[in-house]
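**Q** Structure provided below as structure tokens; questions to follow.
The values are calculated or read from the model by the stated rules, or taken from the named source; none is laboratory data. Quick caveat: nothing in here was measured; it's all calculated off a predicted structure. Here the Cβ positions follow ideal geometry from the backbone for every residue, glycine too, while neighbour counts run over all protein chains shown.
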């Protein structure tokens, strides 16, 4: 029996906002129950107005719940103690533009209580870890959108939290910057960190998340692992070298004789983001600066074969 304390526990969460002087209320979150285990990358999905941001603000202690309970590592989220192990990168962070990247992260390290004796080393470590050591002395006002997101991640990590909350971390970022952010998220996972991420880029969520939850109008619509939610367990795909028409027909007959059906013959193709990254010189630098305590993410390989066959599972 698993008795470990979950990173995030949400039970019966409801949040109402008064929208008129007459007391008319808007229900932003409606009886939400979720659990995020330690060490997971968990995706919180939903359209605008679905309650994602409200849920995150309650987890962070920025809002109180109308009804229900939210705990972070067993501590109620309204208690200050719950925030000591949390790092947060908002969707549109605003940083003082005349500070350098190093000065910015150092400021947040002091706010988060990093001991003075460890301050310099810790700041250097996280700035290097996100790949900005070469730009650490530049003013933040000169940073690109992708660099701002990475320095924002550095400030969220500087006090070494166990839980990192990322709200739309790649919003407005180009494909290279998005790939860099995904790589950093996977590094965090390998280090045993728990990551809660919201994003409208569903392909990105598929690349990094272990489990996802989909909200709509404040209600939980579905929650589970990616394999549970989108895997087609009743089918298999085989990737083979190109086959002539006669052999394809022979294969179809062979499958039919054994109670199977050849449902489709398709040309496999790489994803568009993979093609883009392979053609951009800057993309070749991904993983080139692994940083302190990190692991280099191996590049994804593109299938070499040129044809695939999809068949249904054996009949009972």
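**Q** Looking only at helices (runs of 4 or more DSSP H) that fall completely inside the stretch 128-233, which ones have 3 or more residues that are surrounded by 15 or more Cβ atoms within 10 Å (Cβ to Cβ)?
**A** Passing ranges, in order: 145-157, 175-190, 202-208.
**Q** Please verify whether the stretch 58-79 includes one or more residues that are in a helix (DSSP H, G or I), free of Cβ contacts under 8 Å to residues at least 60 places away in the same chain, more than 23 Å from the chain's Cα centre (by Cα) and surrounded by fewer than 16 Cβ atoms within 10 Å (Cβ to Cβ).
**A** no
**Q** Of these, 238, 275, which one is touching a residue at least 24 places away in the same chain (Cβ under 8 Å) and either touching a strand residue (DSSP E or B) at 6+ places or on another chain (Cβ under 6 Å) or assigned to a helix (DSSP H, G or I) (or both)?
**A** 238
**Q** Something else now. Out of 185, 197, report the one residue that is closer than 30 Å to residue 121 by Cβ, at pLDDT 90 or above and touching a helix residue (DSSP H, G or I) at 6+ places or on another chain (Cβ under 6 Å).
**A** 185
**Q** Still on this structure: If you go through the stretch 95-108 one residue at a time, do you hit one that is at pLDDT below 95, under 18 Å from residue 163 (Cα atoms) and part of a loop (DSSP other than H, G, I, E, B)?
**A** No, the stretch 95-108 contains no residue that is at pLDDT below 95, under 18 Å from residue 163 (Cα atoms) and part of a loop (DSSP other than H, G, I, E, B).
**Q** Name the one entry in 28, 18 that is in contact with a helix residue (DSSP H, G or I) (Cβ under 7 Å, 6 or more places away or on another chain) and over 21 Å from residue 226 (Cα atoms).
**A** Testing whether each residue is in contact with a helix residue (DSSP H, G or I) (Cβ under 7 Å, 6 or more places away or on another chain) and over 21 Å from residue 226 (Cα atoms) leaves just 28.
**Q** Do you know which of the residues in the stretch 82-91 that are assigned to a loop (DSSP other than H, G, I, E, B) and closer than 12 Å to residue 153 by Cα is modelled with the highest pLDDT?
**A** By that ranking, first place goes to 90.
**Q** Another one. Please state which of the following conditions residue 287 fails to meet, knowing it meets all the rest: (1) more than 30 Å from residue 125 (Cα to Cα); (2) part of a loop (DSSP other than H, G, I, E, B); (3) at pLDDT below 75.
**A** Looking at each condition in turn, residue 287 falls short on (1).
**Q** Also, quick follow-up: Quick test for you: out of 127, 140, 158, pick the one residue that is within 19 Å of residue 95 (Cα to Cα) and free of Cβ contacts under 8 Å to residues at least 40 places away in the same chain.
**A** So the residue among 127, 140, 158 that is within 19 Å of residue 95 (Cα to Cα) and free of Cβ contacts under 8 Å to residues at least 40 places away in the same chain is 127.
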